[in-house]
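The values are calculated or read from the model by the stated rules, or taken from the named source; none is laboratory data. Since the model is a prediction, treat every value here as computed from it, not as a measurement. With ideal geometry, Cβ positions are generated from the backbone for all residues, glycine too; neighbour counts draw on all protein chains shown.
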Amino acid sequence: MNNSDYFNKALHDMVFENACGAAIRRLADMSFPVTYIHKQLDYPISCSQVQKYVWKYYIEKKVLLYKDNSISYHQENEYIILDEPHKEKTYIKEQGAYGKITYRQVTVNNDNISDSDSIKKYVPCDFGIIKHNNHEYYNKLLNKLYEQDRAYIDDLQWKNERVYHIMNERMTSIIVQLNKHGLTTTFEM
């Protein structure tokens, strides 16, 4: 990549971040579907770009993850539980030599927390496998979900492989709806 391309990419990334990056992350944190997030933006961006950004953000934030050797986990039934210490972010107030006050973010390990809310529990999701290999069954699954849950699943950029989704309110709602109809998030060919 030459200097001009590097500069243009950096400029594009900075403009994108300032224009809509924080808004996309905030709405994604609230589990809104990608199409809803896209409609809320004033910045001229395609829905597919928002979709890619949300997927990347979910992977970075560990809302979605792939089961591989880089994560430490244990399995309970079909769920996986991350084996990582509870980390808490806090800010330290610092005063410079001339009285300027700044805040610095630090991460603190807190192994004394035994709160069940701090446990990251993930459910296997084969929506990508189903979507790519059995579109009829994929539509059957989507038809059993509430409109917002259906949009959430359909808007994500599922790949043709198993992904694990954190058990949050949205995924709990989806699992309850599918279980009510005898369906699951996994698919055996």
message = Can you tell me which residue is nearest to Lys120 (Cα to Cα) among those in region 162-189 that are in a loop (DSSP other than H, G, I, E, B) and under 16 Å from the mean Cα position of the chain (by Cα)?
response = Met167
inquiry  = For Ala22, only one of the following conditions fails: (1) at pLDDT 85 or above; (2) surrounded by 11 or more Cβ atoms within 10 Å (Cβ to Cβ). What is its number?
reply    = (2)
ask   = Taking region 131-156, which residues are at pLDDT below 95 and not in a helix (DSSP H, G or I)?
value = Asn134
remark   = Quick count over region 144-166, residues being hydroxyl-bearing (Ser, Thr, Tyr) and farther than 16 Å from His38 by Cβ, is 2
ask   = Within region 13-64, which residues are free of Cβ contacts under 8 Å to residues at least 12 places away in the same chain, within 29 Å of Arg162 (Cβ to Cβ) and among the hydrophobic types (A, V, I, L, M, F, W, C)?
value = Met30, Ile59
ask   = Inside region 132-189, can you point out the residues that are basic (Lys, Arg) and either touching a Ser or Thr at 6+ places or on another chain (Cβ under 6 Å) or surrounded by fewer than 16 Cβ atoms within 10 Å (Cβ to Cβ) (or both)?
value = Lys140, Lys159, Arg170, Lys180
